[in-house]
Amino acid sequence: MTVLEAIRKRYSCRAYQDKPVEPEKLDSIFEAARLAPSAKNLQDWRFVAVTDRDKKRRLAEAAGNQMFIADAGVVIAACSSSDHVMRCGQPIGPIDVAIALEHMCLQAAELGLATCWIGSFYPEKVRAVLDIPDDIAVIELMALGYPADQPKKPRREPVEKILCYEKWRF
Ligand SMILES: Cc1cc2nc3c(=O)[nH]c(=O)nc-3n(C[C@H](O)[C@H](O)[C@H](O)COP(=O)(O)O)c2cc1C
């Protein structure tokens, strides 16, 4: 599978089979995260992988009752302790974590697994479920597992709408 094929295969999966993800597949998915680029190579990301049914249910509740999350084989809480801001004014924590998470999504797609980014959650509730300290930002959750639904055709803008060359022409 080429990278572009994996990108095309990835979609937001909101129904999962009750089937665990094999440890070796998880290893390769976290290897994809580990190899992601990060500002100043700080690698200031930390991932809590949750397979315990009760904890997954509580995480789904912490995500505004998006209960499909509880059915995923693994729920990942992606965290950062970085409060660095780049010269451009952008924070590195969420950016670096996002890159690592998308690496994971693409590796998951390559392995026949599916994922869903979860940004709609209450961080304090997630913190409480997973004993995450107050000085660690919970950036994102991610559901990961074997899909029980079918990918939908992605709705995306045409490239002409999002790209111009040489100067701003939007
Ligand atoms: C940062 C981020 C946060 C998201 N949060 C949620 C979420 O809380 N719940 C959900 O069902 N989907 C969530 N999504 C998935 C988006 O809705 C989805 O990526 C978008 O609709 C495009 O669909 P596709 O991923 O299937 O191509 C999130 C996606 C991103 C990138």
I want to confirm something. Restricting to the range 27-41 and keeping residues that are polar (S, T, N, Q) and surrounded by fewer than 17 Cβ atoms within 10 Å (Cβ to Cβ), which single residue is farthest from GLU102 (Cα to Cα)?
ASN41
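Every residue, every condition in (1) among the small types (Gly, Ala, Ser); (2) in a helix (DSSP H, G or I); (3) free of Cβ contacts under 8 Å to residues at least 24 places away in the same chain, yes or no:
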site: GLU31; (1), (2), (3): no, yes, no
site: LYS56; (1), (2), (3): no, yes, yes
site: ASN65; (1), (2), (3): no, no, yes
site: ALA70; (1), (2), (3): yes, yes, yes
site: ILE99; (1), (2), (3): no, yes, no
site: CYS105; (1), (2), (3): no, yes, no
site: CYS116; (1), (2), (3): no, no, no
site: ARG127; (1), (2), (3): no, yes, yes
Per the list (1) of a type in the set (Val, Ile, Thr); (2) within 13 Å of the ligand (Cβ to nearest atom); (3) over 14 Å from the mean Cα position of the chain (by Cα), residue check on VAL159 breaks on (2)
Report whether or not ALA143 is modelled with pLDDT of 95 or more and either surrounded by fewer than 20 Cβ atoms within 10 Å (Cβ to Cβ) or farther than 17 Å from VAL50 by Cα (or both).
no
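Condition check ((1) within 15 Å of the ligand (Cβ to nearest atom); (2) among the small types (Gly, Ala, Ser)) across all residues:
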site	(1), (2)
MET1	no, no
ALA6	yes, yes
GLU24	no, no
SER28	no, yes
GLN43	no, no
ALA62	yes, yes
Considering only residues that are farther than 18 Å from GLY73 by Cβ and open to solvent by 10 Å² or more (accessible area, probe 1.4 Å), which ones fall in the range 97-115?
ALA98, ILE99, GLU102, HIS103
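The values are calculated or read from the model by the stated rules, or taken from the named source; none is laboratory data. Remember, predicted model here, so these are calculated numbers, not experimental data. As a convention, Cβ positions derive from the backbone with ideal geometry for all residues, glycine included, and neighbour counts pool all protein chains shown. SASA here: full protein model, heavy atoms, side chains in, ligands and nucleic acids out. Shrake-Rupley method; radii C 1.70, N 1.55, O 1.52, S 1.80 Å.
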